[in-house]
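The values are calculated or read from the model by the stated rules, or taken from the named source; none is laboratory data. As the structure is a prediction and not an experimental result, all values here were calculated from the model. Here Cβ is always computed from backbone atoms with ideal geometry, including for glycine, and neighbour counts include all displayed protein chains. In case anyone asks, the SASA skips ligands and DNA or RNA and just uses the protein heavy atoms, side chains included. Shrake-Rupley method; radii C 1.70, N 1.55, O 1.52, S 1.80 Å.
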Amino acid sequence: MNFHYKALPWNIIFAAGARKRLPEELEKLGYSRALVLATPNQADTGQEIVSLLGDKAAGLFDRAMMHVPGETLDQATAEVKRLGADCTVSVGGGSTTGLGKALAFHLDLPNIVLPTSYAGSEMTNLWAVTRNNRKVTRRDNVVVPTLTIYDPELTLTLPPAFAAASGMNAMAQAVANAAAEDANPISSVLALEGIRALAHSLPLIIAEPGNMDARAGALYGASLAGAALGTGTTGLHHRLCHTFGGTFNTPHAETHTVLLPHSVAYNAGARPETTHRIAEALSVNDAANGLFELAGTLGAPTALKDIGVKQEDLDEAAAVTVEKPVNNPEPVTRERVRALLENAFHGKPPAPV
Ligand code: NAD
């Protein structure tokens, strides 16, 4: 065995109702003027957190947006300065967490995060800002939240269809890390436990959206998947997803959901032991088919043609995927990627290509 594992400075509280501990936790950290961040959709939740904080709230900025546009960051920066905030409290999904991270980097401002979706961004040191239509992503430990409070009650308002897509996106982070070429053994432990928790909880959420144990299990699984993404590595699967997102503008979570079973089947021959461990975590015999069937159970898409991809896009997608080398267990060739995409386009069950 030969590896290097460098943990990130995580500081996590997980409990139903834990958001109510926010004023006391802020006090312990020595902060007294928090700017609460939210998207327009979750302005009410943001306002609830402002009320909870009482005199420890500096105000609410409810204009967080997907991919952290530069103008949004500039407006939030102005608010931090105008209000004299000494920390941020992000309440929301990956977009809101992302704004808190960008402010942490630019202003050296401590960020506290209350995640409400399964993006897992709070567990990574990845952050991005989009200016002039270009999203620039970096890794910096200063953006890792000073404190993350997971309160599963905050996820009860997540509509089941978004929970399914967001949950399968988390699943992809975990599976791709466990199955990567130079998979880190410690990140893999986190990833496999994340896969287990997500596979168990997501179908329960669809069947019974108010099931608190299922909501907590999915949030826990998403946290572990984020931890694996934060300290691990990726391969063909992420290359494929970036190709479709970047070149054809397909929806992020749905693209992951459709392609994941196929990229697992692609690598299964080269990583039989890992693929078996993923199958075990999913409680199925075959990892790729298990993921395909799970997407079906959740009512998530299983075909590229259903998420805006056209047959004539496939040749270009295969070419873009192999433009730069990919660190992947199986050699990545244009012909084999094209065959994978043909299966994924029609929503056929995954098969080695
Ligand atoms: P999002 O944060 O954009 O949320 C989508 C919508 O759902 C928003 O309007 C949000 O307010 C709403 N929402 C979230 N939780 C809700 C809840 N509990 N109830 C009701 N509405 C709710 O989407 P996302 O999928 O959470 O995050 C996607 C973004 O995060 C992307 O920009 C992605 O690049 C980024 N991301 C970053 C990392 C990282 O490590 N830096 C990891 C994963 C995702």
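Restricting attention to the range 191-212 and to residues that are open to solvent by less than 40 Å² (accessible area, probe 1.4 Å) and either of a type in the set (Ser, Thr, Tyr) or within 16 Å of the ligand (Cβ to nearest atom) (or both), the residue that is farthest from the chain's Cα centre (by Cα) turns out to be Asn211.
Taken as a whole, the range 127-143 holds at least one residue that is under 22 Å from Ala174 (Cα atoms), in contact with a Pro (Cβ under 8 Å, 6 or more places away or on another chain) and surrounded by fewer than 23 Cβ atoms within 10 Å (Cβ to Cβ). Cβ separations smaller than 6 Å between residues 6+ apart or across chains give the following pairs from the range 313-339 residues that are closer than 16 Å to Asn267 by Cβ to residues that are among the basic types (Lys, Arg) and part of a helix (DSSP H, G or I): Thr321/Arg239; Val322/Arg334; Val326/Arg239. Pick from the range 312-353 the residues that are part of a loop (DSSP other than H, G, I, E, B) and among the basic types (Lys, Arg): which of them is surrounded by the most Cβ atoms within 10 Å (Cβ to Cβ)? Residue satisfying both the conditions and the ranking: Lys348. Taking the range 24-43 as the range and being open to solvent by less than 70 Å² (accessible area, probe 1.4 Å) and over 20 Å from Thr96 (Cβ atoms) as the test, the residues that pass are Gly30, Ser32. A search for C-beta distances below 9 Å between a residue of the range 34-45 that is over 8 Å from Asp62 (Cα atoms) and any residue that is part of a helix (DSSP H, G or I) and near the ligand (Cβ under 7 Å from one of its atoms), counting only pairs 6+ apart in sequence or on different chains, returns Thr45/Leu154.
Looking across the range 199-212, the residues that are out of contact with any Ser or Thr (no Cβ under 6 Å at 6 or more places or on another chain), part of a helix (DSSP H, G or I) and in contact (Cβ under 8 Å) with a residue 12 or more places away in the chain come down to Ala199, His200, Ser201, Leu202, Leu204, Ile205, Ile206, Met212.
For the range 103-121, the set of residues classified as out of contact with any Lys or Arg (no Cβ under 9 Å at 6 or more places or on another chain) and buried (at least 24 other Cβ atoms within 10 Å of the Cβ) consists of Leu103, Ile112, Pro115, Thr116, Ser117, Tyr118, Ala119, Gly120, listed by residue number.
Table: residues versus (1) small (Gly, Ala, Ser); (2) within 20 Å of Arg196 (Cβ to Cβ).
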position	(1), (2)
Pro272	no, yes
Asn289	no, yes
Val309	no, no
Gly347	yes, no
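Taking the range 168-198 as the range and being farther than 21 Å from Thr302 by Cβ, part of a loop (DSSP other than H, G, I, E, B) and in contact with a helix residue (DSSP H, G or I) (Cβ under 7 Å, 6 or more places away or on another chain) as the test, the residues that pass are Ala183, Asn184.
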